[in-house]
Amino acid sequence: MRCILWGANGAMGKLIDSILKDEIVGRVSIDGENGVPRTAQELGRVEADVVIDFSHHTAVSGVLEYAEEIGAAAVIGTTGHTPEEKAMIQAASQRIPVFYSGNMSLGIAVLCRLAKQAAAAFPQADIEIVEVHHTRKVDAPSGTAHMIFDAIRQVRPQAVEHCGRAGEGKRTAEEIGISSLRLGNVVGIHEVHIDAGSQRLTLRHEAVTRDMLAEGGVEAARFVAGKPAGLYNMQDMLG
């Protein structure tokens, strides 16, 4: 597999680079350190099977354009995309294979599946999502928290995402609350609390190191390379 890595000088980029090694045929990083090209124009045309993006959500347009230009698949590992950027991803998936996930962890994919099953089993239960990350994380709630909500909404189409609580007002039956905490160097914790009245169920995933995200990104690249055009995610890979 031949890969081009966007965000090569970042923490995640370095981890992916250490896994793929000689399979990396091109690198891009906006800081330009270590002689890495800063833009697609500086990189030039490099033939590859997949473009892996772990840079910043604002780079998604350039990543998708480059992948389409060279006929490669794209793995989007960044989070915090705007509605416009998400529309770009959706549009590009009609022309090339795109793997897009708010979290590249296989464990989180399992958590989403279990949360969906639990929500279906307890259709009247109150559900709340809590996510905890390090103080340097810039987006809240996390992309993973949104991903868990989207999984639950598949069996609760009437569900409404409620991010944070403040002021007065009772919780409605349709709400699924998402609370965000930013503490120290926490890699990532996600909990789904399900209260059915007579019983409570808590699903929890904790990331011990960021290696799991790099490993998931590599597996996503191997999964999506050579696939037909379409939008793929962790559930597709898990399934």
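Just so you know, all these numbers are worked out from the coordinates, no wet-lab data involved. Keep in mind it's a predicted model, so treat the numbers as computed, not measured. Heads up, the Cβs are rebuilt from the backbone with ideal geometry, glycines too, and the neighbour counts pull from every protein chain shown.
Region 106-207: Rg/Rh from Cα coordinates, Kirkwood Rh? Let's see the in-between values first.
Working: Rg = 13.2 Å, Rh = 13.8 Å.
For region 106-207, the value is 0.96.
Ellipticity at 222 nm from helices only: DSSP H runs of n ≥ 4 in the chain, each -39500 (n - 2.57), divided by the residue count, give -10000 deg cm²/dmol. Placing a label point 7 Å from the Cα of Arg200 along the Cα-to-Cβ direction, the residues of region 113-136 whose backbone N falls under 15 Å of that point are 125-130. Within the listed set Asn103, Asn34, Asn185, the Gaussian network model of the chain (springs between alpha-carbon atoms below 10 Å) gives the highest mean-square fluctuation for Asn34. Take the chain, connect every pair of alpha-carbon atoms lying under 10 Å apart with a spring to form a Gaussian network, then pick out the residue of Gly80, Gly44, Gly143 with the largest mean-square fluctuation. Residue with maximal mean-square fluctuation among Gly80, Gly44, Gly143: Gly44. Subtracting the Cα-Cα distance of Leu238 and Arg171 from their residue separation scaled by 0.36 nm leaves 20.7 nm.
How long are the semi-axes of the ellipsoid equivalent to the chain, from square roots of 5 times the Cα gyration tensor eigenvalues, in whole Å, largest first? Mind dumping the intermediate values first?
Details: eigenvalues 232, 67, 50 Å².
So the three semi-axes of the chain are 34, 18, 16 Å.
Would you work out the charge dipole size for region 106-207 about its Cα centre, treating the Cβ of every Lys and Arg as +1 and the Cβ of every Asp and Glu as -1, and quote it to the nearest 20 debye? Could you put the intermediate results ahead of the total?
On the way: 12 positive and 12 negative charges, 32 e Å.
Here region 106-207 has a charge dipole of around 160 debye.
Gaussian network model of the chain, Cα springs within a sub-10 Å range: biggest mean-square fluctuation belongs to which of Val132, Val218, Val208? In this elastic network of the chain, the residue with the biggest mean-square fluctuation among Val132, Val218, Val208 is Val208.
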